[in-house]
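> Next up is a structure, given as structure tokens.
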Amino acid sequence: MRLLSLITGLFLAVVVPFVSGTALTYKLDANEKACFYAQVDQRDVKIAFYFAVQSGGAFDIDYEVKSPVNKVVLSGTKERQGDFVFTAQSVGEYSFCFNNEMSTFAEKLVDFEIAVENEQKAQLPSKQGASPEQASAIEESIMKISSQLSTISRNQKYFRTRENRNFSTVRSTERRIFNFSIIESLMIVGMAGLQVFVVRFFFQGARKGYV
């Protein structure tokens, strides 16, 4: 029971401070620029920024991250997805902007996540009967589990993005096949009508020659 209580206390102490983020899915219209903001209350904390274009156009978008002093931290053009972690050098409001002004007609569906991470080590709860070696081993195990869960989460996002893109490609291919089939059918009907017209023209000319 003491060991279980120690594990619970360590889990709360290590994992709970790691919860400060926002995950959204936003539809960016053509020629639109949208910005989102995250408040940072102290310096030297880690900010994780992830985004992926789920559908629309060539699955690309322009992005820009600025600090509270209007300094560009990250930027890119025509990117399909990105996964970044940077250290906040200033306290204040960071802006995360997506720009679809390059697209005239296509709207983009962007899935993104902004997380402010606190990597300071939490104080381990002291329990009677637990040695420092046990506490250290449990803490290391918890950190490994947290890292593995983060990796699994990112892999799920990656596979979800791949699934959406592949599904969009399949729908686009089906639409093109359907349009091509209609055009092909119209061409066949048109060629048949043209052949009938030519045959009738020759027969009518032959009858006039005999007269």
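> Taking amide H positions as placed 1.01 Å from N in the peptide plane, with prolines and chain starts having none, which residues 5 or more places from Ser75, or on another chain, fall under 5 Å of its amide H?
So Ser75 has HN proximity to Val65.
> Taking the Cβ-Cβ separation of Val72 and Leu24 as r and a Förster radius of 22 Å, what is the calculated FRET efficiency to the nearest 0.05?
0.50
> Across the range 178-187, in residue order, what do the Karplus-derived ³J(HN,Hα) couplings come to in whole Hz, using 6.51 cos²θ - 1.76 cosθ + 1.60 with θ = phi - 60° and x for Gly and Pro?
4, 5, 5, 5, 5, 4, 5, 5, 5, 5
> Which residues' amide hydrogens lie under 5 Å from the amide hydrogen of Val45, considering only partners 5 or more residues apart or on another chain, with H built in the peptide plane?
Close amide H contacts, sequence-distant or interchain: Ala88.
> Using the Karplus curve 6.51 cos²θ - 1.76 cosθ + 1.60 with θ = phi - 60°, what ³J(HN,Hα) values do you get for each residue of the range 56-68, in whole Hz, with x for Gly and Pro?
With the stated coefficients, the range 56-68 comes to x, x, 9, 6, 10, 7, 9, 9, 7, 10, 10, 7, x Hz.
> Next up: DSSP loop GluC sites (Glu not before Pro) in the range 28-90 with at most 16 other Cβ atoms within 10 Å of their Cβ, which ones?
Counting only loop positions with at most 16 other Cβ atoms within 10 Å, the GluC sites (Glu not before Pro) in the range 28-90 are Glu32.
> Taking θ as phi - 60°, what are the ³J(HN,Hα) couplings along the range 148-162 by the Karplus curve (6.51, -1.76, 1.60), each to the nearest whole Hz, with x for Gly and Pro?
5, 5, 5, 5, 4, 4, 5, 5, 4, 4, 5, 5, 5, 5, 4
> Using the number of other C-beta atoms within 10 angstrom as an exposure proxy, rank Phe96, Phe105 with the fewest first.
Ordered by Cβ neighbours within 10 Å, fewest first: Phe105, Phe96.
> Which of the trypsin sites (Lys or Arg not before Pro) across the range 49-79 are loop residues per DSSP, with 11 or fewer other Cβ within 10 Å?
Lys71
> Gain in length, Glu184 to Phe36, computed as 0.36 nm per residue apart minus the alpha-carbon separation, to one decimal in nm?
48.5 nm
> Let me ask something else about it. Would you mind checking Lys27/Lys78; Lys27/Lys66; Lys78/Lys157; Lys66/Lys144; Lys108/Lys157 for any pair whose Cα atoms are more than 25 angstrom apart?
Over 25 Å apart, Cα to Cα: Lys66/Lys144.
> Okay, next question. Lys33's amide H: which non-local residues (gap 5+, or another chain) put their own amide H closer than 5 Å, with H modeled 1.01 Å from N in plane and none for Pro or chain starts?
Those qualifying (amide H under 5 Å, at least 5 residues apart or on another chain) are Asn100.
No lab work stands behind these numbers, since they all come straight from the coordinates. Computed from a prediction, not measured in an experiment: that's the story for all the values here. With ideal geometry, Cβ positions are generated from the backbone for all residues, glycine too; neighbour counts draw on all protein chains shown.
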